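S.K.: Attaching a single structure in structure tokens format; questions to follow.
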Amino acid sequence: MVNKSLNVKVTPLACQSNSRSVVVSLAFPDAYTLLLSIVYLPCYKTDLYYQSDLLECFGFIEQCVSCSNYDGFVILGDMNFELDPSSTGYQLFKSFANKLSLFILNSCLT
């Protein structure tokens with residue numbers, strides 16, 4: 001939901017076939033466009049299916065980003081993995097985030 005007083009034009013861009021991610025465009029009155037990806041990643045497992053599911057979701061998001069014009073990009077949602085360097089989910093996400101020049105806000109929080 002977006003508050004109407006913000007006067008933002010919300011445009012759904014794509015929804016992943018398994019509904020793990022949706023990408024929307026938020027166009028603000030000052031011509032700033034924010035891409036927003038909302039994710040619900042699979043619960044952590046140690047098998048290759050888990051890694052495959054994550055990479056499929058990240059690939060979907062990357063495709064949406066590469067096909068869009070935007071000023072900013074944010075990923076929000078349930079990552080379902082610990083933000084710990086030993087976590088496979090975190091390692092894959094960090095690589096994906098680096099590729100898209102994103103930074104992980106957890107490092108900004110105390």
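The values are calculated or read from the model by the stated rules, or taken from the named source; none is laboratory data. Source: prediction; values computed, not measured. Here the Cβ positions follow ideal geometry from the backbone for every residue, glycine too, while neighbour counts run over all protein chains shown.
S.K.: Is it true that residue 78 is surrounded by 15 or more Cβ atoms within 10 Å (Cβ to Cβ), within 19 Å of residue 16 (Cα to Cα) and not hydrophobic (A, V, I, L, M, F, W, C)?
M.R.: no
S.K.: Do any residues in segment 60-76 that are within 12 Å of residue 96 (Cα to Cα) and in a strand (DSSP E or B) have Cβ atoms under 8 Å from those of residues that are at pLDDT 95 or above and hydroxyl-bearing (Ser, Thr, Tyr), where the two are at least six apart or on different chains, and which pairs are they?
M.R.: 75/37
S.K.: For segment 14-56, what are the residues that are surrounded by 13 or more Cβ atoms within 10 Å (Cβ to Cβ), more than 13 Å from the chain's Cα centre (by Cα) and touching a residue at least 40 places away in the same chain (Cβ under 8 Å)?
M.R.: 44, 51
S.K.: If the requirement is being among the aliphatic types (A, V, I, L, M), farther than 30 Å from residue 3 by Cα and modelled with pLDDT under 95, which of these qualifies: 102, 55, 48? Full working, then the answer.
M.R.: Details: 102 fails: farther than 30 Å from residue 3 by Cα; 55 fails: modelled with pLDDT under 95.
Only one candidate passes the filter, namely 48.
S.K.: When you go through 87, 5, 19 one by one, which is the residue that is at pLDDT below 95 and either at positive phi or hydrophobic (A, V, I, L, M, F, W, C) (or both)?
M.R.: On the way: 87 fails: either at positive phi or hydrophobic (A, V, I, L, M, F, W, C) (or both); 5 fails: either at positive phi or hydrophobic (A, V, I, L, M, F, W, C) (or both).
Only one candidate passes the filter, namely 19.
S.K.: Another question about this same structure. With touching a strand residue (DSSP E or B) at 6+ places or on another chain (Cβ under 6 Å), among the charged types (D, E, K, R) and farther than 20 Å from residue 97 by Cα as the only criterion, which of 9, 4, 45 stands out? So that I can check it myself, show each step before the final result.
M.R.: Values: 4 fails: touching a strand residue (DSSP E or B) at 6+ places or on another chain (Cβ under 6 Å); 45 fails: touching a strand residue (DSSP E or B) at 6+ places or on another chain (Cβ under 6 Å).
Residue meeting the stated conditions: 9.
S.K.: If you don't mind, another one. On the basis of being among the charged types (D, E, K, R), within 11 Å of the chain's Cα centre (by Cα) and modelled with pLDDT under 95, does residue 78 make the cut?
M.R.: It is true that residue 78 is among the charged types (D, E, K, R), within 11 Å of the chain's Cα centre (by Cα) and modelled with pLDDT under 95.
S.K.: Now, a different point. Quick test of your reading of the structure: residue 10 fulfils all but one of (1) surrounded by 16 or more Cβ atoms within 10 Å (Cβ to Cβ); (2) among the β-branched types (Val, Ile, Thr); (3) out of contact with any Gly (no Cβ under 7 Å at 6 or more places or on another chain). Name the failing condition by number.
M.R.: Here residue 10 clears every test but (1).
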